[in-house]
Amino acid sequence: MNSIYQFPPLLENERVKLEPLELKHVEELLPIALNPDLWQLSSQNFRSKEELEAYINAVIVERATKKAFLLLFMISNQGNMPGAHALAKWL
């Protein structure tokens, strides 16, 4: 049986696109990830590109080991990334 983990979906309509977080997203996410104001209410905090890459690599490993699955939300017609959502252990 094929799994969401083996073949991550790309879900898209005319307004929103959901796709799995990958290393190809680092450059787009970096300006957001390095904003310290964003992380004031979070346990996560990125201080460098290397920390963001390490986090994304960890997300990829969690997906490969079927522990979690993180999707990015993008506005389809603008290419903006307004957020992300993680699904863990119940998939």
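The values are calculated or read from the model by the stated rules, or taken from the named source; none is laboratory data. Predicted model only: the values in this text are computed from it and were never measured. So basically every Cβ, Gly included, is an ideal-geometry build from the backbone, and we count neighbours across all protein chains shown.
Just to be sure, is residue 48 among the small types (Gly, Ala, Ser) and farther than 25 Å from residue 67 by Cα?
Criteria met by residue 48.
Where the second residue is loosely packed, with under 13 Cβ neighbours inside 10 Å and at pLDDT 90 or above and the first is within 10 Å of residue 26 (Cα to Cα) and lies in the stretch 37-61, which pairs have Cβ atoms under 6 Å and are six or more apart or on separate chains?
56/23
For residues that are exposed (fewer than 14 other Cβ atoms within 10 Å of the Cβ) and of a type in the set (Val, Ile, Thr), scanning just the stretch 33-67, find the one that is farthest from the chain's Cα centre (by Cα).
65
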